[in-house]
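Read-outs: derived from the displayed coordinates by stated rules, not from any lab. Not measured: the values here are computed from a predicted model. Glycine gets a Cβ as well: all are built from the backbone with ideal geometry, and neighbour counts include every protein chain shown.
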Amino acid sequence: MEVKVKTHIDKMSASSAQSTPQAKIPKGIKFLFGGSAGMGATIFVQPLDLVKNRMQLSGEGGKAREHKTSFHALRHILKTEGITGVYTGLSAGLLRQATYTTTRLGIYTTLFEMVSKDGKPPNFFTKAAIGITAGAIGAFVGTPAEVALIRMTADGRLPVDQQRGYKNVFNALSRIVTEEGVVTLWRGCMPTVGRAMVVNAAQLASYSQAKQGLMSTGYFADNLFLHFCASMISGLVTTAASMPVDIAKTRIQNMKMIDGKPEYKGGLDVLVKVIRKEGFFSLWKGFTPYYARLGPHTVLTFIFLEQMNKAYAKYVLGDTRASGGL
């Protein structure tokens, strides 16, 4: 009799545990973790972002290409600007992550959770759609920091009398508003939003899909190695898809007025001029530092984000079975 009662109680307990809705990470925490993950990754990859920007601006204005390879660019920066020169624009990079990445990952993880039914993740196209939405909103919020970042990382390649000499990101934003007007903070907003839509559709969707696909093989568990492999796949897909849009964004945000007129009319004008003057494959100029930057940044961002989500679920919500949420 006692055995039957105990068995009945166990069944009731199991049924109750299954029917009890799992506690969810608050939306504010999701946004906080997204930004923190991006900022943590940026500290490691800022030198690569600097090299990427210098490579994309090399050959601008019909000039001879300043840097033939990424290693040549890095060597030149170290020689002319010193070891601290490779971290030029770090404050802008961190602010960019605090605005752009906080918004995009917070919105993505929130929407991802909303469209997941019965614990099952959405299909690839749904992931891409919410990635595009998150990227577009995040890019608009992060454009001012992006403009400051591009200018600060480009400054060292200019003659001393032409350098802007921003002391930090807040000095850059203040001077841009004072000298050029507040609207300049959103210069290149459309290609920035376009790039972000491409990046997020590729990056977030391909990461979730790669992670799901790798786990389905039976050779991967939900651990750091899985996150690393899925991130590297995501980084490669994202780099190939987004570089042409990124080079248009970079040149527009760095351009100056010539005889009262802007160098470029828009993103399409940049692409046409680059192809005509520098060749079609110049649209992927700086591929190595871009992937070298985007790959590890993707890896570190997703690893940090997954681990923070899991730690919060485990230690705050008491859910030891929770995944990283992507």
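For this structure, a couple of remarks:
- Length-normalised contact order for segment 24-315 - Cα pairs under 8 Å, 6+ apart - percent: 26 percent
- The stretch between Phe44 and Tyr87, if pulled fully straight at 0.36 nm per residue, gains 14.5 nm over its current Cα-Cα span.
- Per the Debye formula on identical point scatterers at the alpha carbon atoms of the chain, with no solvent, log10 I(q)/I(0) at q = 0.09, 0.12 Å⁻¹ is -0.50, -0.82.
- Net charge of Cβ neighbours under 11 Å - reference Asp269; Lys, Arg +1; Asp, Glu -1: +3
- Cβ-based exposure ranking for Asp161, Asp49, Asp155, in which fewest neighbours within 10 Å come first: Asp161, Asp155, Asp49
- Listed residues Gly28, Gly260, Gly188, most fluctuating in the chain (Gaussian network, C-alpha, under 10 Å): Gly260
- Estimated FRET transfer efficiency (Ser116, Ile258; beta-carbon r; R0 35 Å; 0.05): 0.10
- Summed over qualifying helices (DSSP H, 4 residues or more, each -39500 (n - 2.57)) and divided by its residue number, the chain shows a 222 nm mean residue ellipticity of -24000 deg cm²/dmol.
- Here's the list of lysines a cross-link from Lys249 could span, going by alpha-carbon distance under 22 Å and ignoring same-chain residues fewer than 8 apart: Lys52, Lys63, Lys68, Lys261, Lys265, Lys273, Lys277, Lys285.
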